[in-house]
Structures are given as C-alpha cells and as structure tokens.
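Below is one structure, written out as structure tokens, with a few remarks after it.
The values are calculated or read from the model by the stated rules, or taken from the named source; none is laboratory data. Given the structure is predicted, the values throughout are model-derived calculations rather than measurements. A quick note on method: Cβ atoms are made from the backbone with ideal geometry, for glycine too, and the neighbour counts reach across all protein chains shown. Calculation scope for accessible area: heavy atoms of the full protein, side chains included, ligands and nucleic acids excluded. Shrake-Rupley method; radii C 1.70, N 1.55, O 1.52, S 1.80 Å.
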Amino acid sequence: MGKNEVMVDEIPFPSEFMMNTKPLPLMGHGITDIEIHFLQIKFTAIGVYLDPEIVSHLQQWKGKTGAGLTENDEFFEAIVNAPVDKFLRVVVIKEIKGSQYGVQLESAIRDRLAEVDKYEEEEEEALEKIVEFFQSKYFKKDSVITYSFQATSATAKISSTIEGKEDSEIDVTNTNVVEMIKKWYLGGSRGVSPTTISSLANNLSAELSK
C-alpha cells in the first residue's frame, strides 16, 4: 500500500483528491453495512474529502473529543453547511443494481425533505432524474460513485465509474435535494454510515486541536 493511499476495508482510497486544482485531504471514511443473523454484510466503502478550510468554520467545537462530536448533530450540520468544497467517494463492496441504489437514495432524500416540508414538484422532478441516472446501471464490486459539492455552487455533480463502461455523470441543481444528499452521508446520528460519522468526528477533532 502506497503512503498516498488509505485502506478502507481492503479498498484503497487516495489520501487526497484534486478538486478545482486544490487538494482535498481524506477527512473521514467508513462503510455501509447491515447485520443479518450475526452475519455482517458490507455494501459500500466511503471516503469523505474536505477542504482543510473547513476547520475555520468549526472553531466553536475546538477542544471537544471525537466521541463527543460523534454525538453532536449541530457539529455535522455545520459541516454540511460550511461553504467549502466537499467530495464523497463511494466504492461498491457488494454488487448492487443501480435501480436499487437509486431507490434507496431517493427514499432517504424524500423522507428528509417531507419532514421539513420541502418536498414539492421541483424536488420530485430532481429525484426522478437521479433515479433515472442510476436505473440502467449495474454496480459490480469496485464500481465507484462520487458526489462533488463545490463551495461556490449550490449544485452537486454525481458520477459513476463502472469497469468496461464509459463514465457518466449528472448535475443536481435543486438546492434542497443537494442539501439532503449531503445529510444522507454527513448527517451525524442520521447519516447512512455511523463508521464514517465517527471517523470524521475523530479526525476533525484532531485537526481542531492543532
């Protein structure tokens, strides 16, 4: 394993990712999984890349432990809202149909939007486009899905890389949907991957104490 890589459940993640000519370090990582009859089934490995600038937006949590921050949803709300570049890299461990992944994403986003009364026709249309984007894909092991969120834009870019297929991408322009995608992956106690949330909290706690 090269020093420029971090292994997340046997899957190599680059230790930084270039976005807008600026390197974003890997600030958190983990997996999504489920336990059935004491058997752990792992679905995806996740890497969260953040502009180091984010630390300046989190100063009020300086001195807090990683364990304490893991439980603090306001801290993760601040991460989601911080005006810095963010990049998520999701690598498939257990193969899945794109249609299944798309529906999971759609229902999680729709539920969150409905809760805060922001699920209108525009949001529904944006989600339909995302479902359509994933619909015909088949994610074999090691396929990659990425989400790019630019500091200067309220839109998000989703792309997928599947071996033997041309990369494809889609822009998500609905700001409410974009916010809830961030919250699905970075949303504290309600994030889809508790291990990623804990890793982010620990690493940012260490960054804040420097």
Using DSSP loop states and a limit of at most 16 other Cβ atoms within 10 Å to flag GluC sites (Glu not before Pro), what is the longest stretch of the chain containing no flagged site? 11-70
At 15 Å minimum axial length over the Cα atoms and a Kyte-Doolittle cut of -1.0, report the qualifying DSSP H helices in the chain, or say none. 98-115, 121-135, 175-186, 194-208
Just to check I understand the Karplus step: with θ = phi - 60° and J = 6.51 cos²θ - 1.76 cosθ + 1.60, what whole-Hz values come out for the stretch 37-47, glycine and proline as x? 6, 6, 9, 8, 10, 9, 9, 9, 10, 10, x
Using a 1.4 Å probe on the protein chains only, how many percent of the accessible area of the stretch 42-161 belongs to carbon and sulfur? 46 percent
Once Lys and Arg are counted +1 and Asp and Glu -1 for all other residues with Cβ under 10 Å from that of Glu179, the total becomes +4
Using the basic label-point model (7 angstrom from Cα toward the beta carbon), what is the Glu5 to Glu77 distance in nanometres? 4.0 nm
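Per residue, how many Å² of accessible area does the stretch 87-126 show with a 1.4 Å probe?
Averaged over the residues of the stretch 87-126, the accessible area is 53 Å².
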So I have (i) 0.93; (ii) 0.99; (iii) 1.21, and one of them is Cα Rg over 2.2 N^0.38 Å calculated from this model. Which one is it? (ii)
Among Gly30, Gly164, Gly68, the residue with the largest mean-square fluctuation in a Gaussian network model of the chain built from Cα contacts under 10 Å is Gly164
From the C-alpha gyration tensor of the stretch 30-95, square roots of 5λ in Å: 28, 17, 8
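Please state the relative contact order of the chain as a whole percent: Cα pairs under 8 Å, 6+ residues apart? Each step should come with its number before you reach the end.
On the way: 401 pairs, mean separation 54.2, N = 210.
Averaging sequence separation for qualifying contacts and normalising by length gives 26 percent for the chain.
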